[in-house]
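Trainee: Can you keep this structure in mind? I'll have questions shortly.
What follows draws every value from the coordinates through simple rules; no lab data is involved. Keep in mind the model is a prediction, meaning the values are calculated, not measured. For neighbour counting, all protein chains shown are included, and Cβ atoms are generated from backbone atoms with ideal geometry for every residue, glycine included.
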Amino acid sequence: MDYVVLDFEWNQSNNGKEPEAREIPFEIIDIGAVKLNSLREITKEYNQLVKPGVYHQMHKITGSLIHLHMKDLEKGRPFTEVIKEFLNWCGEGFIYCTWGPLDLYEMQRNMRYYHMEPLSHAPIRFLDVQKLFAIAYEDSKLRRSLEYAIDFLRIEKDIPFHRAFSDAYYTAKVFARLPEAVLVNYSIDTYVLPSCRQEEVHVMFHDYMKYISREFPDKQKALEDREVISTKCYLCHKNLRKKIRWFSSNGKHYYSVSFCPVHGYMKSKIRIRRSENDMVYVVKTSKFITEEESRKILQKRGNPKHPQPPQRQGGA
């Protein structure tokens, strides 16, 4: 298995001086990548500036961070030409690696703006090196900067930060140091969502389960779906009775706690997200917790301020 570690720099609307294009709020202006072999050794490099086609003024924060000016970008090539070259450079039989979860999503949003086909017709599995670093060396919920990780691992800083190639290069250096065991914790890009129930994503990691739904017209329809609100034990596959029925305090995240006679208390969390098609989809995670953690969730429930999803007997 080869790995393509990529990074993008992008520009955006400059504080109202240039209106935002809703279809492409972040325009890619710099592409950097390195390819690693199965031993996580760097074998190839890619770097190319992109000539702007949407935003023709550099956002002041972006410009000061990456030290690029519009005159530099005018030397670049059009996005469609560069991205076709880049994808050809990537080849086949690899997995994408990024620092953070946004690059593949914004890449495909840029591709859609130029009427190009997405990278895949299903959600893409990739490795978020920022998340993997947190799992390997920190509290798994922390998200550190790339430079922090470089300092933590005592990796030599031999080129400047905050350009696409340099950040891809340093991400690759961090990736090469990660323990093999953490690489099973892949992430899923949801720019392209499952098109039907049969394609919905059900993935079991070492200590939790993730479900990604197809699209629904609105939140109410999503929360009426049987699979969305189910609380089935992901180890023994039995329907569970809820100890704490679905509730929400903000209208976006919903929680429940069920009990499995074999495996104990299971917390489920539903997150409602908006898709690129102006519809909604659901990301649901389920994880076994202690009885004490269950009591804390019960205290958190209080008096819900938002309508609750339908509750099915037995958690089915």
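Trainee: Is it possible to state the helix-based mean residue ellipticity at 222 nm for the chain, with each DSSP H run of 4+ residues giving -39500 (n - 2.57), the sum divided by total residues, to the nearest 500 deg cm²/dmol? What is it?
Mentor: The helix-only estimate for the chain comes to -7500 deg cm²/dmol at 222 nm.
Trainee: Most fluctuating residue of K252, K284, K210 in a GNM of the chain with Cα springs under 10 Å: which is it?
Mentor: K252
Trainee: Right, another one. Along the Cα-to-Cβ line of K296, 7 Å from the Cα, sits a label point; which residues in the range 259-286 have backbone N less than 19 Å from it?
Mentor: Under 19 Å, as judged by backbone N against the label point of K296, lie 259, 264-270, 285-286 of the range 259-286.
Trainee: For the range 78-162, what Kirkwood radius comes out of the mean inverse Cα-Cα distance, in Å?
Mentor: 15.1 Å
Trainee: Consider the candidate values (i) 46, 22, 19; (ii) 38, 24, 18; (iii) 26, 26, 18; state which one is semi-axes √(5λ) of the Cα gyration tensor in Å computed from the structure displayed.
Mentor: (ii)
Trainee: Could you compute the FRET efficiency for L102 and R274, with r as their C-beta to C-beta distance and R0 at 22 Å, rounded to 0.05?
Mentor: Computed FRET efficiency for L102 and R274 comes out at 0.90.
Trainee: Another one. Taking amide H positions as placed in the peptide plane 1.01 Å from N, state which residues far from C260 in sequence (5 or more) or on other chains have amide H under 5 Å from it.
Mentor: Correct list: Y265, M266.
Trainee: Using Cα-Cα distances under 8 Å and only pairs 6 or more residues apart, what relative contact order does the chain have, in percent?
Mentor: Computed value for the chain: 14 percent relative contact order.
Trainee: Suppose we take every Cα in the range 1-139 and form the convex hull; what volume per residue is that in Å³?
Mentor: 137 Å³
Trainee: Let me ask you something else. Taking the range 15-72, which trypsin sites (Lys or Arg not before Pro) meet the DSSP loop condition and have no more than 10 other C-beta atoms within 10 Å? Numbers along the way, then the final one.
Mentor: On the way: sites: K17, R22, K35, R40, K44, K60, K71; in loops: K17, R22, R40.
Answer by residue number: K17, R22.
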